[in-house]
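No value in this document is a laboratory result; all are computed from the given coordinates. Being a predicted model, the structure only gives us computed values, none of them experimental. FYI the Cβ positions are ideal-geometry reconstructions off the backbone, even for glycines, and counts take in every protein chain you see.
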Amino acid sequence: MALNGAIEMGDHGASGYATASAAVLSLAFALMAVALMSRAQGALRLARADYDATRLGIAFESAAAQSVAQVITAKGAGPYAFIATTDLGPFAVQAEPEWQKLSVSHSDQLTDERLKALGVGDPASLRTRLDSQKDIPLKAANPWSVEAASSSPAWRSCANSLISVFGTSPTLPVVPPAPALTAGANFRVGEIWRLVIRSPSGRTDERFVRFVGDPARPALVLDHRTFTRKEGVAPCIVAKPSV
C-alpha cells in the first residue's frame, strides 16, 4: 500500500516536471515566433520603403524627361514654371536657363542690403567666396558651391535661382518663371539649365542639364540631387527691372 502510494506520488511528480518543461518550451517557441514575426515585419517595411523610393525615382525621371521636352518646345528664353504629370500625381517644375543668372565674377551686384534680406550675416565674406569660383573651368565647376556660400536658409532656398557658376549676366535675373507656351522645336544646343522638380510629398529633385541637340537624348545631366526642404522659408528676392 505504501509502495503503491510512493509510486503514485512519483508519477504525479514526474507529470509536474513534464508540465513545467512543456510550458518552458511553449514560451520559447512563442518568443521565437514573435522574433520571426518582428523580423518579417521589418523586412516588409524595408521592402515597402525600397518600392516607394523606386516609384518616386521613376516619377522624377518621367518629370525630368517631360521638363526637357517642355524647354525644347517652349516659346521665349525662359525661365518656365509648369506641371509634369506622373503616376504619383502632378509634380511642380521650375526650369531656369543658367546663362540668365548673375555670373560669380559679378558678385559685387549682391549688395549688403539684398544679402541681409536673405539672412546672410557676413555679406563681404560671401562675396569673396563667390568671387573665388570665377576662375574655375566650367568642366570643374561645382553648381552647388553658390548655395553652400552661406548657411542662411533663405539664401540656400534662393541662391541657385539668382547666381550661378554657369551664369554670364552682369546683373541679377529680373524675369519671373512663366508658363511654357509651345512654339516649336528649339534644341538650345550648348545651353545649361537648372530643373527643380517637386513632388506632392515635398521631396525635391534638382538637376543641372546641358542641351546637346540630339533628338534621341536632348539633354545630359551634369549634376543631380534629391532632398526634402521646408517650403516658405522666405520669398526669393530678385532685382527690380531698371527703368
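Data for the structure
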{"quantity": "Rg/Rg_ref, the stretch 53-186, where Rg_ref = 2.2 N^0.38 Å and atoms are Cα", "calculated": "1.17"}
{"quantity": "Interatomic Cα distance distribution for the stretch 118-201, bins of 10 angstrom, percent", "calculated": "13, 42, 32, 12, 1"}
{"quantity": "Under 5 Å, built H, 5+ apart or other chain: amide partners of Thr86", "calculated": "Phe91"}
{"quantity": "Pairwise label distance in nanometres, Thr85 with Ser151, each label 7 Å out on the Cα-Cβ vector", "calculated": "4.5"}
{"quantity": "Considering only the chain, percent of DSSP beta bridges that pair antiparallel, nearest 5", "calculated": "90"}
{"quantity": "In degrees, nearest ten, helix 153-162 long axis to first principal axis of the chain (Cα)", "calculated": "40"}
{"quantity": "Per-residue [θ]222 nm for the chain (sum of -39500 (n - 2.57) over DSSP H runs n ≥ 4, rounded to 500)", "calculated": "-14000 deg cm²/dmol"}
{"quantity": "Amide H contacts under 5 Å for Val212, placed H, 5+ residues apart", "calculated": "Gly190, Ala219, Leu220"}
{"quantity": "Residue exposure sequence - Asp205, Asp131 - by fewest surrounding Cβ within 10 Å", "calculated": "Asp131, Asp205"}
{"quantity": "Theoretical FRET efficiency, 1/(1+(r/R0)^6), r = Cβ-Cβ of Leu27 and Ala49, R0 45 Å, to 0.05", "calculated": "0.85"}
{"quantity": "Segment Asp131-Ala40, length gained on full extension (0.36 nm per residue, minus Cα span)", "calculated": "27.3 nm"}
{"quantity": "Three-way shape label, the stretch 161-203, alpha-carbon gyration tensor, a/c 1.5", "calculated": "oblate"}
{"quantity": "Between helix 2-73 and the chain: long-axis angle, C-alpha atoms, 0 to 90°, nearest 10", "calculated": "10"}
{"quantity": "Rounded Å value of the spacing that divides the Cα centres of the stretch 214-229 and the stretch 40-103", "calculated": "9"}
{"quantity": "Computed magnitude of the charge dipole of the chain (debye, nearest 20; Cβ of K, R +1, Cβ of D, E -1)", "calculated": "660"}
{"quantity": "Volume of the Cα convex hull of the chain, divided per residue and given in Å³", "calculated": "216"}
{"quantity": "Gyration tensor (alpha-carbon) shape descriptor, the stretch 42-115, a/c threshold 1.5", "calculated": "oblate"}
{"quantity": "Among Gln66, Pro173, Ser161 - extreme Cα towards positive end, dipole of the chain, charges at beta-carbon", "calculated": "Pro173"}
